[in-house]
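The values are calculated or read from the model by the stated rules, or taken from the named source; none is laboratory data. Computed from a prediction, not measured in an experiment: that's the story for all the values here. Cβ sites come from the backbone with ideal geometry, for glycine too, and all protein chains shown count toward neighbours.
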Amino acid sequence: MSVIVLAEHTQGTFRKKTFEAVQYAATIAQSLGTSVTAVALGNIAESELQGLGQYGAAKVLHIADARLDNFSSRAYTKALVAAAQKEAAKVIVALHDVSGKAVAPRIAANLKAGMVAGAVSHPDLSNGFVVKKAVFSGKAFAYVNISSDVKIITLMPNTFAVTKGEGSAAVEKMEVAFDDKDFGVTVKEVNKVTGAVPLTEAELVVSGGRGMKGPENWHILEDLAKELGAALACSRPVADSHWRPHHEHVGQTGGTIRPNLYIAVGISGAIQHLAGVNGSKTIVVINKDPEAPFFKAADYGVVGDAMEVVPRLTEAVKKFKESHN
Amino acid sequence: MKILVCISQVPDTTTKIAFADNNTHFNTQGVQFIINPYDEWYALVRALELKESGAATAVNLVTVGKADAEPVIRKALALGGDEAIRIDTDSSDPYVVAAQIAAYAKAENYDLVLCGKESIDYNNGVTGAMLAEMLDMNYIGFATKLDIEGGTATVKREIEGGEETDASSLPLVVSCQKGMSEARIPNMRGIMAARTKPLKVVAPADVQPLSNIVSYELPPAKTGVKMVSPDNMDELVSLLHNEAKVI
Ligand SMILES: Cc1cc2nc3c(=O)[nH]c(=O)nc-3n(C[C@H](O)[C@H](O)[C@H](O)COP(=O)(O)OP(=O)(O)OC[C@H]3O[C@@H](n4cnc5c(N)ncnc54)[C@H](O)[C@@H]3O)c2cc1C
Ligand SMILES: Nc1ncnc2c1ncn2[C@@H]1O[C@H](COP(=O)(O)O)[C@@H](O)[C@H]1O
């Protein structure tokens, strides 16, 4: 018996969200009296794999097939199912991100395993296997019991703090017999926004709405984001008017984010917008209208003109950083 | 080429969420139901465009739900689509939903199955990929663009921090999101036509749920916003550092 976790990496490097998933799996393993086996796919150095021991992995199964360097939901599923069978896994953990959402449900269907998608708690084992997740686009939570023998969880990234410990994981190579069908989807082109923090992983987010008046004013948000090391987001009409790229649109029909800090500038706070951001730990609202509905969902509010307040905030952050270095 | 579009019914986006029976059930009293926006605006409209351009020959709709889901599936038929299938069962377990659709679709030889990126009620985002595994098909998630030419699908999809363009042979399952197409409004002709379009009700396959919702909870109310003077951004920074501890 063991707990398996998919250890996603970006071109051979693990990111924080993977450490979070490994540590989450380790906590579950501990309460079940077993250990964690991480599964890593494609080209990645042994030292990087051993490092997962610092987050609680006892062992890493490495399937080094070069074809796995490109994501394939079928091949990843086959690899994870093989690993789960080899380790007699009772629980399989992946992240609730683009890759995890394409693989975990396939594994669930393959193994006939019940799943919770987007978990925000550890399983409560006192009465079954109950996991908390957000429903109704963040307007509520549900406690879901998984009744199948094997259980699958995708963890909402940025839910738990990560703490680095000691230890080195034992790395074991594993072979899986893939066939052509497993690589039936081929990648033609990749366009990555280089250098920027991916919005879904960002701990700090600066977001702008129609109150910014036009794309020509976005530089003040960019300056603030740069000073904070934050990612940029926007409301739907902003993306619809092509002031900002679509991938920055958050809300019910855009992305869902849960950063530590969400700064909303010139956004009214419509319920469909809140649906994508109300999991944020702290919300700051800057709006010239004291009656803007967003203030009801905010922790800190500033009534004022964005064009004046934002540059002042940027200055204050700069001053703060200088005095804390 | 035959397309199947998966349609789920969800509470309107402005619904105030409340629970009944000691927080064990979603209280549907007074709730307006709509087609899940991703299914309507992106999956369905893109399927219709593919038919209009001659790339597809048929667009069928499927929903897993009880009779109360019929107004919503009729609305989907009014937008277009040739016929609708309702699988007569109810479940919040995603495995059951996918297995029911798979049991129906297996014999029908669809070339393309389109669904939304997630339903806005249970926010699972898993049905498409589960269905792909059950039907032994390729899967591409979070698609923002889809074209079919000569039996090959070219799909643009979201990845972490960017976009990727993939190619896949058919059959294929695609989950759709913003970018795919522009929303349409049903017109009078469509609404009239939908009245006579076939809506088949099929009995559910024998599938046992693998999960169940034990209870619900509303998030704790915000304790109240703390207002900061627009002339004192140093104070805001200090609150974010010392009180909220986020910077
Ligand atoms: C089914 C459905 C799905 C939707 N999905 C989404 C979604 O995913 N995401 C989303 O964002 N919206 C979504 N919407 C739209 C949503 O209802 C709102 O229309 C939208 O969020 C409003 O965007 P906004 O706050 O930027 O603009 P507005 O509502 O126009 O608000 C602009 C705000 O800026 C303030 N302002 C103006 N000038 C200044 C200034 N100089 N300084 C400071 N403040 C200023 C104003 O007081 C106002 O509060 C959806 C709607 C529907 C029906
Ligand atoms: N009951 C249902 N009937 C038909 N299709 C569904 C149903 N539930 C979900 N889907 C489809 O699966 C997609 C993802 O839903 P979910 O996995 O529930 O978040 C939706 O956008 C629909 O296209």
Exercise for review: Pick out the one residue from A:Gly167, A:Gly211 that is outside any helix (DSSP H, G or I) and of a type in the set (Gly, Ala, Ser).
Suggested key: A:Gly167
Review point. Out of all the residues in region A:285-301, which are facing chain B (nearest Cβ under 7 Å) and among the hydrophobic types (A, V, I, L, M, F, W, C)?
Key: A:Phe295, A:Ala297, A:Ala298
**Study point:** Output for region B:123-159, where each listed residue is in a loop (DSSP other than H, G, I, E, B), away from ligand 1 (no atom under 16 Å from the Cβ) and modelled with pLDDT of 95 or more
**Key:** B:Asn124, B:Val126, B:Leu135, B:Asp136, B:Met137
Practice item. Return the residue satisfying two criteria in turn: it lies in region A:229-242 and is touching a helix residue (DSSP H, G or I) at 6+ places or on another chain (Cβ under 6 Å) and more than 10 Å from ligand 1 (Cβ to nearest atom), and of such residues it is farthest from the other protein chains (Cβ to nearest Cβ). Key: A:Leu232
Review point. Looking only at region A:303-325, which residues are at the interface with chain B (Cβ under 8 Å from one of its Cβ atoms), surrounded by 15 or more Cβ atoms within 10 Å (Cβ to Cβ) and more than 9 Å from ligand 1 (Cβ to nearest atom)?
Key: A:Arg312, A:Leu313, A:Glu315, A:Ala316, A:Val317, A:Phe320
Check your understanding: Pairs, please: C-beta under 7 Å, at least 6 apart or cross-chain, first residue more than 16 Å from ligand 2 (Cβ to nearest atom) and in region A:250-266, second of a type in the set (S, T, N, Q) and part of a strand (DSSP E or B)?
Key -> A:Val250/A:Ser207; A:Asn260/A:Thr282; A:Leu261/A:Thr282; A:Tyr262/A:Ser207; A:Ile263/A:Ser207; A:Ala264/A:Ser207; A:Val265/A:Ser207; A:Gly266/A:Asn287
**Study point:** Elements of type strands (runs of 3 or more DSSP E) contained in region B:6-106, each with 2 or more residues being of a type outside the set (A, V, I, L, M, F, W, C) and touching a residue at least 40 places away in the same chain (Cβ under 8 Å)
**Key:** B:9-11, B:58-64, B:83-87
Check your understanding: What are the residue pairs meeting all of these: first residue in region B:137-156, first residue under 12 Å from B:Val173 (Cβ atoms) and more than 8 Å from every other protein chain (Cβ to nearest Cβ), second residue assigned to a strand (DSSP E or B) and among the acidic types (Asp, Glu), Cβ atoms under 6 Å, and 6 or more apart or on different chains?
Key -> B:Val155/B:Asp166
Practice item. Filter region A:121-135 down to residues that are part of a loop (DSSP other than H, G, I, E, B) and either modelled with pLDDT under 95 or over 17 Å from the mean Cα position of the chain (by Cα) (or both), then give me how many there are. Key: 6
Review point. Condition test on B:Val174, is it β-branched (Val, Ile, Thr), in contact with a Gly (Cβ under 9 Å, 6 or more places away or on another chain), under 30 Å from A:Val303 (Cα atoms) and surrounded by 14 or more Cβ atoms within 10 Å (Cβ to Cβ)?
Key: no
Exercise for review: Look through A:Gly118, A:Gly100, A:Gly138 and report the one residue that is out of contact with any helix residue (DSSP H, G or I) (no Cβ under 6 Å at 6 or more places or on another chain), within 11 Å of chain B (Cβ to nearest Cβ) and not in a strand (DSSP E or B).
Suggested key: A:Gly100
Review point. Among the residues of region A:170-187, which ones are more than 9 Å from chain B (Cβ to nearest Cβ) and part of a strand (DSSP E or B)?
Key: A:Ala170, A:Val171, A:Glu172, A:Lys173
Review point. Within region A:71-87, is there a residue that is farther than 26 Å from B:Leu131 by Cβ and more than 7 Å from chain B (Cβ to nearest Cβ)?
Key: yes
Check your understanding: In the set B:Pro220, B:Pro209, B:Pro186, which member is within 22 Å of the chain's Cα centre (by Cα), in a loop (DSSP other than H, G, I, E, B) and more than 9 Å from every other protein chain (Cβ to nearest Cβ)?
Key -> B:Pro186
Review point. Among B:Gly81, B:Gly116, which is farther than 20 Å from B:Ala203 by Cβ, modelled with pLDDT under 95 and buried (at least 22 other Cβ atoms within 10 Å of the Cβ)?
Key: B:Gly81
